[in-house]
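Here's the structure, in structure tokens; my notes come after.
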């Protein structure tokens, strides 16, 4: 988890060119052998990754952190959220508190370059959380990119 004032996004509601905090968080995570960093707020709630927006699956519903929490409003996130709604798939924006993330079955992140990247594990405050990176429900997210790749 990247919980340090150094990693906070300034003007998070605006798409600026200042990605220094996210880059520093990802760089530190890679120093410890991780591929990506999860940025958190002051209470430890998950917001986004250093390079993308979070998606979680549990109990038949997709979840993504709410923009009100202070994460970057990604274009890919907005398009994917809209597409999931058009497909009549359950999706909600919410706060990813420590109690909420306890029973997530799938965690992935999205961005316009890598598309959908699932997590196999996340180190959170010394505890390893395991997720299913090959869960069939990930195809719901991936299908957005396959349908829209020709446009």
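Of all DSSP beta bridges confined to the range 5-148, the antiparallel ones make up roughly 85%. Sorted into 10 angstrom bins from 0, the C-alpha pair distances of the range 5-148 split as 11, 46, 36, 7, 0 percent.
We did not get these values from a lab; they are worked out from the coordinates using the rules stated. Quick caveat, the model's predicted, so the values are computed rather than measured.
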